[in-house]
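Take a look at the structure below.
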Amino acid sequence: ICFNQNADLHYAWVDAGVAKFYWYDTVTASFQTLTLPAGTRTPKCTLDDKRPTQSGRSDIILSYVKSDNKLYFRKQRDRFGTEYLLDEGPFISIERLYMNSGLRLQWLMVKGAV
């Protein structure tokens, strides 16, 4: 789970092998549920910069590993509609996604292929 700068809850989960993401859409002023592509594993979300001085620049980042064992992400700024390839992998899972002490996002990954 994570919260945006307005404290709206966002969360990702997998149910019966289907990954989903619940998020607040500021355009429609309502919560939405996004179904991720088949074979998506270990979805994680985080606010990329929690500092109040960055409230106009921060984004919720949704990241996951797909069935091709590559790491992908989507961002709130795109309303989670655009998928970006972050790393070719191969990866089994994302263990953690967080902002590190150097003020950068960091992924803790399990390498390998399923």
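The values are calculated or read from the model by the stated rules, or taken from the named source; none is laboratory data. None of the values given here were measured: they were computed from a predicted structure. Counting neighbours? That spans all protein chains shown, and the Cβs are built from the backbone with ideal geometry, glycine included. Protein only, heavy atoms only, side chains kept; ligands, DNA and RNA dropped before computing areas. Shrake-Rupley method; radii C 1.70, N 1.55, O 1.52, S 1.80 Å.
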Residues in segment 42-85 that are under 12 Å from the mean Cα position of the chain (by Cα), open to solvent by less than 50 Å² (accessible area, probe 1.4 Å) and of a type outside the set (Val, Ile, Thr): how many?
14
Pairs under 8 Å by beta carbon, first residue in contact (Cβ under 8 Å) with a residue 12 or more places away in the chain in segment 14-32, partner in a loop (DSSP other than H, G, I, E, B) and among the hydroxyl-bearing types (Ser, Thr, Tyr), six or more apart or different chains?
Val14/Thr40; Ala19/Thr40
Just for segment 86-104: of the residues that are under 23 Å from Ala7 (Cα atoms) and open to solvent by 60 Å² or more (accessible area, probe 1.4 Å), which one is farthest from the chain's Cα centre (by Cα)?
Ser101
Tell me which residues, restricted to segment 72-94, are charged (D, E, K, R) and in contact with a Lys or Arg (Cβ under 9 Å, 6 or more places away or on another chain).
Glu83, Asp87, Glu88
If you take the residues of segment 1-28 that are charged (D, E, K, R) and closer than 18 Å to Thr42 by Cα, which of them is surrounded by the fewest Cβ atoms within 10 Å (Cβ to Cβ)?
Asp15
